[in-house]
Amino acid sequence: MSRYSGRVEPGGAPDVRELAHLIITKASVGPADNNVYVLRCRRTGEELVVDAAAEPERILALCGEGPLVRVVTSHRHRDHWQALAEVVERTGAATVAHPDDAPAIDVATTEPVTGGDRVVVGSVELEVIHLVGHTPGGIALLYDDPTGSPHLWTGDSLFPGGPGRTTNAEEFTALMGDLEEKVFARLPDETWVYPGHGADTTLGTERPRLSEYRDRGW
């Protein structure tokens, strides 16, 4: 298997990363080049989707034999959940989102989560990190791999090159504060970041530019 790069294109082949306990499949779906991630527990075969953004048939094909047990929506923006209804209808998967964003998602949230909660897929646990700013209820998922570096799914809160879009100074200050306190101050440079759009990055790549991001503002 080729080395994982995290670079995918709309309609193109997925990229697959195999960890000791978790298999990560990344693909780009829909006109907004949204990333969808399928996380599969190696021990049980259970799967979890991060952001059923578009193209439900393709997402279901990426899931393979499953079972798909949960779909996590990183935040309320429509481009991150347009395939959610069909994926859930066909699989019976539970839906996961933060209560502050859940009312804006057309599919009911069956498992609301807040910061510090755990989301389980098979024998693997993911920690919820609440990041306010891009939306009130944005969440990141942290997998602290016991055999290697941490892995962090950030939705639209952190990308290569800086934080996600905010619409005013207050939102920007909130997002930067949460990123600095809950992510950069806590996690090591080798933490791999899987964003909601585009290529992956690491915290070590982004850390030297934090002051630049603050100066740039929203």
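Return the residue satisfying two criteria in turn: it lies in the stretch 54-71 and is among the charged types (D, E, K, R) and surrounded by fewer than 19 Cβ atoms within 10 Å (Cβ to Cβ), and of such residues it is farthest from G198 (Cα to Cα).
Only one residue tops the list, namely E65.
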Requested in this report: Could you tell me whether any residue of the stretch 189-197 is surrounded by fewer than 21 Cβ atoms within 10 Å (Cβ to Cβ), of a type outside the set (F, W, Y) and under 21 Å from D145 (Cα atoms)?
Outcome: yes
Query raised in the report: When residues of the stretch 14-37 are filtered for being of a type in the set (A, V, I, L, M) and either within 12 Å of Y194 (Cα to Cα) or without any contact (Cβ under 8 Å) to a residue 12 or more places away in the chain (or both), how many remain?
Result: 3
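Among the residues of the stretch 157-189, which ones are among the small types (G, A, S), assigned to a loop (DSSP other than H, G, I, E, B) and either in contact with a Phe, Trp or Tyr (Cβ under 7 Å, 6 or more places away or on another chain) or closer than 17 Å to L142 by Cα (or both)?
Passing the criteria: S157, A185.
Can you name the residue in the stretch 128-144 that is in a strand (DSSP E or B) and among the β-branched types (V, I, T) and, of all such residues, is nearest to H21 (Cα to Cα)?
Here the answer is V128.
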Query raised in the report: Among the residues of the stretch 163-182, is any touching a strand residue (DSSP E or B) at 6+ places or on another chain (Cβ under 6 Å), aromatic (F, W, Y), touching a residue at least 24 places away in the same chain (Cβ under 8 Å) and buried (at least 16 other Cβ atoms within 10 Å of the Cβ)?
Result: no
Query raised in the report: Can you find a residue in the stretch 106-114 that is under 14 Å from L141 (Cβ atoms), at pLDDT 95 or above, among the small types (G, A, S) and out of contact with any Cys (no Cβ under 8 Å at 6 or more places or on another chain)?
Result: no
Requested in this report: List every residue pair whose Cβ atoms sit under 7 Å apart, with the two residues 6 or more apart in sequence or on different chains, where the first one lies in the stretch 42-53 and is surrounded by 24 or more Cβ atoms within 10 Å (Cβ to Cβ) and the second, anywhere, is at pLDDT below 95 and assigned to a loop (DSSP other than H, G, I, E, B).
Outcome: E47/G66
Query raised in the report: So, of the residues in the stretch 88-100 that are in contact (Cβ under 8 Å) with a residue 12 or more places away in the chain and out of contact with any strand residue (DSSP E or B) (no Cβ under 7 Å at 6 or more places or on another chain), which turns out to be surrounded by the fewest Cβ atoms within 10 Å (Cβ to Cβ)?
Result: R90
Query raised in the report: Being without any contact (Cβ under 8 Å) to a residue 40 or more places away in the chain and in a strand (DSSP E or B), is that true of even one residue in the stretch 64-78?
Result: yes
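Looking at the stretch 183-199, which of its residues are of a type outside the set (S, T, Y), in contact (Cβ under 8 Å) with a residue 40 or more places away in the chain and touching a Ser or Thr at 6+ places or on another chain (Cβ under 7 Å)?
To start, the set of residues in the stretch 183-199 that are of a type outside the set (S, T, Y) comprises 183-190, 192-193, 195-199.
Retained after the next criterion (residues that are in contact (Cβ under 8 Å) with a residue 40 or more places away in the chain): 183, 187, 190, 192-193, 195-199.
Selection gives E190, W192, V193, P195, G196.
Results for (1) out of contact with any Pro (no Cβ under 9 Å at 6 or more places or on another chain); (2) crowded, with 16+ Cβ neighbours inside 10 Å; (3) in contact (Cβ under 8 Å) with a residue 12 or more places away in the chain, shown as yes or no for each residue.
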position: A108; (1), (2), (3): yes, no, yes
position: D117; (1), (2), (3): yes, yes, no
position: V128; (1), (2), (3): yes, yes, yes
position: V132; (1), (2), (3): yes, yes, yes
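The values are calculated or read from the model by the stated rules, or taken from the named source; none is laboratory data. Owing to the predicted nature of the structure, the values given are computational and were not obtained by experimental measurement. In this analysis, Cβ positions are derived from the backbone assuming ideal geometry, glycine residues included, and neighbour counts consider all displayed protein chains.
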